[in-house]
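Chemist: Got a structure for you, written out below as structure tokens; questions coming shortly.
The values are calculated or read from the model by the stated rules, or taken from the named source; none is laboratory data. This one's a predicted model, so the numbers in the text were calculated from it and none came from an experiment. Cβ: placed from backbone, ideal geometry, glycine included. Neighbour counts: every protein chain shown. The area values use the complete protein model at the heavy-atom level, side chains included, leaving out ligands, DNA and RNA. Shrake-Rupley method; radii C 1.70, N 1.55, O 1.52, S 1.80 Å.
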Amino acid sequence: MEELRVRRIREGTVIDHIPPGKALKVLSILGISGSEGTVVAVLMNVESRKLGKKDIVKLEGRFLTRDEVDEIALVAPTATINIIRDYEVAEKFSLTLPKVLEGIVRCPNPRCVSNVPGEPVVSRLELVDPERGLYRCHYCGRLVEVSEMEELLLQ
Amino acid sequence: MSGRDLVDLEDLDEGEIREILRMASGHDPPRATRTLDGKILGLAFFEPSTRTKASFTSAMLRLGGSVVDMGEPSTTSLAKGEGFSDTLRILSGYCDALVIRHKLDGAARYASELLDIPVVNAGDGSRAHPTQALLDLYTIGKIKGRLEGLSVGVLGDLKYGRAANSFILAISRFSPKVLYLISPPLLRPRREVLEALRRRTDFRIVENPRDVIGELDILYVTRIQRERFPDPEEYERVKNSYVVDLELLKEAREDLRILHPLPRVGEIRNEVDGTPFAAYFEQARNGVPVRMAVLEWVLGHGGA
Ligand SMILES: [Zn+2]
């Protein structure tokens, strides 16, 4: 049987337990396009005990910080972050939903002022219920669930 | 620099709401004062409303200030392709406080963040209309002697109607005995309003006003618009169930009082006007004292 062609990384970040098929979304949220020149390994639909199937992203030479990663929770709430130094897990953390999403997710209400094209207004959703993953639009009050957000992500 | 915004009643605590109501009673009936002498109020009604505009104008003139009416900026500046934020910034150079009305949800919040001068929301989108809600509360305090512990019914378009939404959120903060939300299923309040209510008060969703009319201290009536119904036949079928007439009021308690933000289009029959139930003309008269209080409050003349 052919061996999986992704080695362990020496230094960098492994994002594990991403729901299957969401790896590219995770990269897009992190703003990683591949043009950075560093090694990026993407594994999709790998067998997982916890999730059945999962995606994994490995970033060689890049250390993500907590502040950078929380937005990943919007598309991959189950993801875990492993910071690797010298092939060992040096630090490990799970994701918490960001308190405020500014300019990241559009308000689903078409009559909301934050959706006026050409206006210099930045969308702003505030976390009101972390248990239920519920956000509220700062401008119109509309409630938005994390599960709705994938379609509302701004570029 | 003193001054604050009135964008949404949800931003104020109960103490601040009571303070404005107390200031309003000091202006009832409205008499000329000079507290805002030399101040200029700008009126930016992106969506027309002759009465609300007249009410703010009257209030400002009573306080010794002046008014600059920006016309309908949506038909002037926007026609030239100018953005909303540019228009607002330019208008704000002409006045000490700006009253804004707009069809979009959150327009007044956005304006308040852009501008350094106080912004008063005269209705934006389908939720916030804080000066209307204040005058509704003021009217209830005046005719009932209290805001708390009342059985209140709100009837009509509870989904899109901004007066109804503002009123529901406002009265829910004063511990109603029970709050009945009376509407066709299609026009029930939106989720964010129900979520807010759930944390505050005992409320019940009702389809037919006949089921609860006998319990009410206050019935707040709003219009149900034909355009809200995808199926015109559905509208025709339900509209008569939400008309307030003497027949419906047979079951009402003697001290029931009916409010309506006006204008009405047949949802309260004229035959009700001469009865003690009708409080909506009194309510309309309270617009000026309440807006006088609001203008003093935002421009930093509030409190004793
Ligand atoms: Zn919104």
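Chemist: Test of understanding: among B:Thr57, B:Thr33, B:Thr50, B:Thr87, which residue is away from the ligand (no atom under 16 Å from the Cβ), β-branched (Val, Ile, Thr), more than 21 Å from the chain's Cα centre (by Cα) and more than 14 Å from chain A (Cβ to nearest Cβ)?
Modeler: Working: B:Thr57 fails: more than 21 Å from the chain's Cα centre (by Cα); B:Thr50 fails: more than 21 Å from the chain's Cα centre (by Cα); B:Thr87 fails: more than 14 Å from chain A (Cβ to nearest Cβ).
Exactly one of B:Thr57, B:Thr33, B:Thr50, B:Thr87 is away from the ligand (no atom under 16 Å from the Cβ), β-branched (Val, Ile, Thr), more than 21 Å from the chain's Cα centre (by Cα) and more than 14 Å from chain A (Cβ to nearest Cβ), namely B:Thr33.
Chemist: Test each condition in (1) among the hydroxyl-bearing types (Ser, Thr, Tyr); (2) open to solvent by less than 50 Å² (accessible area, probe 1.4 Å); (3) modelled with pLDDT of 90 or more for A:Tyr87 and report the one that comes out false.
Modeler: The failed condition is (2).
Chemist: While we're on this one: Determine which single condition A:Phe93 fails, assuming it passes every other condition in (1) out of contact with any Phe, Trp or Tyr (no Cβ under 8 Å at 6 or more places or on another chain); (2) more than 14 Å from chain B (Cβ to nearest Cβ); (3) open to solvent by 40 Å² or more (accessible area, probe 1.4 Å).
Modeler: Only one criterion is unmet by A:Phe93, namely (3).
Chemist: Across region A:125-155, what is the number of residues that are part of a strand (DSSP E or B) and either at the interface with another protein chain (Cβ under 8 Å from one of its Cβ atoms) or surrounded by 21 or more Cβ atoms within 10 Å (Cβ to Cβ) (or both)? First the steps, then the outcome.
Modeler: At the first step, the residues of region A:125-155 found to be part of a strand (DSSP E or B) are A:125-129, A:134-137, A:143-145, A:153.
This time we only want the ones that are either at the interface with another protein chain (Cβ under 8 Å from one of its Cβ atoms) or surrounded by 21 or more Cβ atoms within 10 Å (Cβ to Cβ) (or both), so: A:125, A:135-137, A:143-144.
Residues flagged as part of a strand (DSSP E or B) and either at the interface with another protein chain (Cβ under 8 Å from one of its Cβ atoms) or surrounded by 21 or more Cβ atoms within 10 Å (Cβ to Cβ) (or both) within region A:125-155 amount to 6.
Chemist: Restricting to region A:103-141, what's the tally of residues that are more than 9 Å from the ligand (Cβ to nearest atom) and aromatic (Phe, Trp, Tyr)?
Modeler: 1
Chemist: Picking from B:Ala32, B:Ala108, B:Ala54, which residue would you name as being hydrophobic (A, V, I, L, M, F, W, C), in contact (Cβ under 8 Å) with a residue 60 or more places away in the chain and either in a helix (DSSP H, G or I) or farther than 18 Å from B:Ala122 by Cα (or both)?
Modeler: On the way: B:Ala32 fails: in contact (Cβ under 8 Å) with a residue 60 or more places away in the chain; B:Ala54 fails: in contact (Cβ under 8 Å) with a residue 60 or more places away in the chain.
Every option except B:Ala108 fails the conditions.
Quick grid of which residues meet (1) open to solvent by less than 30 Å² (accessible area, probe 1.4 Å); (2) farther than 19 Å from B:Ile143 by Cα:
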site: B:Glu215; (1), (2): no, no
site: B:Glu236; (1), (2): no, yes
site: B:Leu248; (1), (2): yes, yes
site: B:Leu256; (1), (2): yes, no
site: B:His260; (1), (2): yes, no
site: B:Glu282; (1), (2): no, no
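Chemist: Restricting attention to region B:107-156, which residues are at positive phi and more than 14 Å from chain A (Cβ to nearest Cβ)? Lay out the reasoning, then the answer.
Modeler: Pass one, region B:107-156, residues at positive phi: B:123, B:125, B:145, B:149, B:156.
Of everything in region B:107-156, those that are at positive phi and more than 14 Å from chain A (Cβ to nearest Cβ) turn out to be B:Gly145, B:Gly149, B:Gly156.
Chemist: Would you be able to tell me the number of residues in region A:46-72 that are at pLDDT below 90 and under 14 Å from the mean Cα position of the chain (by Cα)?
Modeler: Matching residues across region A:46-72 total 7.
Chemist: If you check B:Leu186, B:Leu179, B:Leu248, B:Leu219, which single one turns out to be under 23 Å from the mean Cα position of the chain (by Cα), assigned to a helix (DSSP H, G or I) and not assigned by TED's automatic domain parsing to the domain that holds B:Arg18?
Modeler: Details: B:Leu179 fails: assigned to a helix (DSSP H, G or I); B:Leu248 fails: under 23 Å from the mean Cα position of the chain (by Cα); B:Leu219 fails: assigned to a helix (DSSP H, G or I).
Of the residues listed, the single one that is under 23 Å from the mean Cα position of the chain (by Cα), assigned to a helix (DSSP H, G or I) and not assigned by TED's automatic domain parsing to the domain that holds B:Arg18 is B:Leu186.
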